[in-house]
Each structure stands twice: as structure tokens, then as C-alpha cells.
Amino acid sequence: MTPRFLRALLPLAVALTASASFALDEGDRAPDFQARSVVGDAEVVLHEMRGKVVLVDFWASWCAPCNAAMPQLEKLSKEFPSDQFVVLGVNVDKKLADARRALEKRPVTYPNASDPTGMLPKRFGLQTMPTSYLIDQDGVVRLVHRGFRNGDIDELREQVQKLLDKKKGRP
Amino acid sequence: MKPLHVALLLGLSALASACQHVDPWERNLLARPDMAWETDEIAATQEQHTYFSKEAAMPGGGVGGGGCGCN
């Protein structure tokens, strides 16, 4: 192939790969957001949780592993003091009623934001469902956890503990 | 054919594709049970068993994941 031919193909290659390139990664600053709560009319604001370790969990009512993760995330959220660690669910169902029904089946006490437009998954560069982002006290993503399998909660617990210990200056 | 024409042709072919990218958070319809390749798992397993017994080969049935994008 001639260099000229390759040059002609370059814009095409860029156009085909551009949409799949962005994904929030460890070390990146988490994008701030404000969204309506799934339950009630309150607003869920990420930056109000600054100073705590936050686990942002993207979920949907139709996603089986998300549903499997939620009771375990609920348990995890209660294992640490609420002024140090919080789980924040982000529901991506198109219909709020679906999200509410899912929460009635599997009630959780942690806050859940509703994003029927898919704006937040785009901003986070979500690549799979479910995905959890562990954000440290300064708003930096420290762990991107894709999918959910049995035993994954142990890894999350360990990472949360590590971030809390780091802040307290423990080794 | 000039290289630019070839590139243009390839570009147009890509645009004419019927494949549509579905983002992971938009797979609600794909995750429905009636969207599965096989809705009856037991019947599908029986059929696969018959197939590999007769053909001495495993069929490539099924897909990676149930549409939730987690696999």
C-alpha cells in the first residue's frame, strides 16, 4: 500500500474509533454531577460527598449482575461509618417506574440517582454494566470495577479500607 | 481506481452497514428473556446434545452474555 493510500484511510480509521475511545480510568478526577433521586424528589449531588470515600455504582433493573450486587453493596455500605464511606447508585433505566420497582424488590438504604438520558454513563465512559467507580476523599477515581461476580465484594471492601487507612495515615 | 476513491468506497460501505452500536446502558430490550437466542434452556441443551452426538462436534450456539454487557 502506498503512503498516500494510508493517508487517505486515516480519517476513516479515526472516525470509526473515536466514539469508543473515552473511558474514565484510575487516577482521573471523577466528573461531578447532580441528578434526581430515584426515590422522592431530592437531588443527589456527588460533590456534597467530597471528603468521604464514594462508590458510584451504575445499575439498571434489567441487569442481572447489578441486581445481584445491590444487596452486597448495601451490606458493604453499613460496614463503614457513614461519614467516611458512602455507596451512591446511579440508575440508567429509561423509565423511573422500572427503577422504583427494582428498589421495592431489593430495597437499599444508600442514595440512588436516576439518569434516564444516559448522560452520566457517557461522562464516565461506561464500558460495561454494572461498573463501580471507587472515588477517594479528594474526588479522584481509585478503582474502576467492571462487572460483578461472587467474591468481588471482598476486593471492594479491601480497597475501601485501604483508602480510609491512607487518609488516617495508617500503612 | 485512485486511493482516495478506494477510501471513499470503504467509508461509504462502513456507513451503509446495518450494524448499530448499542451502548451498555441501553441494552434493556436486549436483556429481555424473549430476546435470548434460546428461550428454553433445557430444550436447547437437549438439542445441542443430539447435535454433538451425531456430528461429533460442538455447535457454536449461544452468545457471550445475556445482553447486559457484563461479560
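The table for this structure:
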read-out: Percent of beta bridges antiparallel (DSSP, region A:47-171, rounded to nearest 5); value: 50
read-out: Proximal aspartates and glutamates relative to A:K105, as straight alpha-carbon distance under 15 Å, when same-chain residues fewer than 8 apart are discounted; value: A:E74
read-out: Dipole magnitude of chain A, debye to nearest 20 (Cβ charges: Lys/Arg +1, Asp/Glu -1, about Cα centre); value: 340
read-out: Protection proxy ranking, peptides A:88-101, A:134-147, A:49-62, A:29-42, average beta carbon neighbours within 10 Å, highest first; value: A:49-62, A:88-101, A:134-147, A:29-42
read-out: Qualifying lysines (Cα of each under 26 Å from Cα of A:K168; at least 8 residues distant if same chain); value: A:K52, A:K75, A:K78
read-out: Relative contact order of region A:25-121, pairs being alpha-carbon contacts under 8 Å that are 6 or more residues apart, as %; value: 33
read-out: Shielding by partners, peptide A:120-129 (average Cβ within 10 angstrom, other chains); value: 3
read-out: For B:18-25, mean number of other protein chain Cβ atoms within 10 Å; value: 5
read-out: Neighbouring partner chain Cβ atoms per residue of A:64-76, average, 10 Å criterion; value: 1
read-out: q = 0.12, 0.14 Å⁻¹, region A:10-132: log10 I(q)/I(0) [Debye, one scatterer per Cα]; value: -0.46, -0.61
read-out: Packing-based order for A:153-160, A:121-128, A:104-111, using average beta carbon neighbours within 10 Å, highest first; value: A:121-128, A:153-160, A:104-111
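All of the numbers you see were taken from the coordinates with simple rules; none came from a lab. Here the structure is a predicted model, which is why all the values come from computation and not from measurement. Because the Cβ atoms are built from the backbone with ideal geometry, glycine has one as well, and the counts that use them run over all protein chains shown.
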